[in-house]
1. Could you point to the label whose value was computed as semi-axes √(5λ) of the Cα gyration tensor in Å for the structure here, given (1) 43, 22, 19; (2) 40, 25, 20; (3) 28, 23, 18?
2. Going from most exposed to least, what order do PHE86, PHE76 have by accessible area with a 1.4 Å probe?
3. What FRET efficiency, computed as 1/(1 + (r/R0)^6) with R0 = 35 Å and r the Cβ-Cβ distance, is obtained for HIS31 and VAL153, rounded to the nearest 0.05?
4. For the chain, find the longest principal axis of its Cα atoms and tell me its angle to the long axis of helix 108-128, 0 to 90°, nearest 10.
5. Can you show me the helix-derived [θ] at 222 nm for the chain, built from DSSP H runs with n ≥ 4 at -39,500 (n - 2.57) apiece and divided by the number of residues, rounded to the nearest 500.
6. With an 8 Å cut-off on Cα pairs and a minimum separation of 6 or more residues, tell me the relative contact order of region 1-110 in percent.
7. How high is the relative contact order of region 117-259, in percent, counting Cα pairs under 8 Å that sit 6 or more residues apart?
8. With everything on Cα atoms, drop me the angle between helix 73-99 and the longest principal axis of the chain, reported from 0 to 90° to the nearest 10.
Amino acid sequence: MKKKKVYEWAFITLGVMIASFAFSFLLEPKHLVIGGVSGLGIIAKVLFEWDTAIVIFIINMGLLLIGFIFLGKDFFLKTVYGSVMFPVFIKVFSSVYALFDIQPIQDTLLVILFAALLMGIGLGMVIKYGGTTGGVEIPQKLLFKYLHIPYSVSLYAIDGIIVLISYFVFYEPSYILYGLVFIYLCGFVIDQVVFSGFNRRAVYIISNKSEEIKEKILRELGRGVTQIRVVGGFSKQEKDKLLCVLSTFEFYRLKSIIH
C-alpha cells in the first residue's frame with residue numbers, strides 16, 4: 001500500500017509539473033486565456049502587472065477556504081496539494097523562462113495545439129491518480145451540491161465567462177476562438193489519459209427480434225453477445241436481453257442494424 005501511495009503521488013506531482021510547464025512556456029508568454037484560475041492569472045498580469053503564479057496561488061487558497069467551509073475537510077485535504085504545487089511549479093518554470101530569455105513561439109495555433117496536448121496529459125494524470133489542481137473544480141462542486149448544475153455545464157460556463165472576459169482585456173476576437181479550441185482539445189486529451197484510450201459502450205438490447213439482432217452482431221460486427229433472461233416489471237413477460245460491448249463507431253453501425 002505504501003508503494004502504491006508513493007506511485008500515485010509521484011504521478012500526481014509529474015502531472016502537475018507537465019500542466020505547469022505547458023502554461024509557463026506556451027500559454028503565459030502569449031497571454032492566451034484558456035479559462036480557469038490560470039486564465040484569471042494572465043488577465044491580472046496584463047491589467048495590473050501582478051505575478052501570475054502569486055495570483056493563482058491567492059485565488060486557489062481563497063477557493064480552498066470556501067471548499068473547506070462548504071464541502072468539508074475530506075475535500076480540502078484531497079485538493080490542497082495540487083492547489084499549492086500548481087502555482088509553485090508555474091513560478092519555477094516562469095523563472096527559468098525569464099532567466100534564459102526564451103522567446104515565445106510566434107505561431108499561436110501551434111502553441112494552442114501543443115499546450116492543449118501537454119496540459120491534457122498533465123491534468124489527466126492528476127485526475128487518474130485521484131488528485132486535483134483545485135481552481136474551478138471547487139465552484140463546480142458547489143454549483144452541483146447546491147444548484148444541481150452538472151459538472152460539464154458549470155465547467156463550460158465558468159471557463160467560457162473567463163475567456164469572454166479576456167476579450168474585453170485584449171479586444172482580440174481570435175482569443176475567444178483559441179480559448180474554445182483549447183478547452184475542447186484539452187478535455188479530449190484528459191479523457192484519453194484518464195480512461196487510457198478505452199472508448200467503449202455497453203449496449204443493452206431488449207427486442208422481439210433478439211435472435212435476428214444477435215446473428216447480425218455476431219456475423220457483421222464480429223462481436224460477442226451475452227444473452228440474459230429478463231422479466232418485465234409491469235408486463236411480467238419473459239424476454240431475452242442482449243448485452244454487447246463495442247466501440248463508438250460500431251455502436252452507430254449497431255443502431256442501423258437494429259432499426
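The values are calculated or read from the model by the stated rules, or taken from the named source; none is laboratory data. The model shown is predicted, which means the values in this text are computed figures rather than measured ones. Heads up, the Cβs are rebuilt from the backbone with ideal geometry, glycines too, and the neighbour counts pull from every protein chain shown. Ligands, DNA and RNA are stripped out before the accessible areas are found, and what is left, the full protein with its side chains, is counted by its heavy atoms. Shrake-Rupley method; radii C 1.70, N 1.55, O 1.52, S 1.80 Å.
1. (1)
2. Details: PHE86 20, PHE76 60 Å².
The ordering from most to least exposed comes out as PHE76, PHE86.
3. Working: r = 28 Å, r/R0 = 0.79.
The calculated FRET efficiency here is 0.80.
4. Relative to the chain, helix 108-128 is tipped by roughly 70 degrees.
5. Details: 10 runs with 173 residues, N = 259.
After summing the helix terms and dividing by the residues of the chain, the value is -22500 deg cm²/dmol.
6. Computed over region 1-110, the figure is 35 percent.
7. Numbers: 138 pairs, mean separation 32.2, N = 143.
Relative contact order for region 117-259 comes out at 23 percent.
8. Once rounded, the angle reads 50 degrees.
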